[in-house]
Amino acid sequence: MNDVAGDPISVWSKVVRYIVSHWRGEQGLSQSCLLNGLMGYLVATLTTVALGLMLAPIGDNFAPVVGMAVYFAWQGWASVGIVRCVWRDLSAGGPPLRWIMAGVAILMVLVVGILSVYGLLTTF
């Protein structure tokens, strides 16, 4: 099949390649942290809240479970990709600024992880 811009198979294969490349830590540190980490956090959080608001009026208690599953699936994917990216960058060496950025990225992953687990434990 031709690689046409509107071809659904082509679009999905690009999405899958993007997801896998982040998971492997092949993307740059800024893209991994800012786009996949920060923007992904906003999207995952808003999706979880929207899902809860949509399903709450019908009395569905399943919404928080689905929302948390979506959120923690994103968080696992984002965290693994960021840590692997940092590991790749640090093993390649580089200037001190690179090391500082890597440290901030790892700190961000740890803080978000700790706060997420704390929020889960205090909610249920």
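Things to note:
- Scanning the stretch 70-108 for residues that are among the aliphatic types (A, V, I, L, M), without any contact (Cβ under 8 Å) to a residue 12 or more places away in the chain and within 24 Å of Val20 (Cβ to Cβ) returns Ala73, Ala92.
- Candidates Ser21, Ser32 - the one that is touching a helix residue (DSSP H, G or I) at 6+ places or on another chain (Cβ under 9 Å), of a type in the set (S, T, N, Q) and touching a residue at least 60 places away in the same chain (Cβ under 8 Å): Ser32
- Residue match in the stretch 57-69 (condition: under 18 Å from Leu120 (Cα atoms), of a type in the set (Val, Ile, Thr) and either in contact with a helix residue (DSSP H, G or I) (Cβ under 7 Å, 6 or more places away or on another chain) or in contact (Cβ under 8 Å) with a residue 24 or more places away in the chain (or both)): yes
We did not get these values from a lab; they are worked out from the coordinates using the rules stated. Nothing here was measured: the structure is a model prediction, and the numbers come from that model. When we count neighbours, we look across all protein chains shown, and the Cβ atoms used for this are built from the backbone with ideal geometry, even at glycine.
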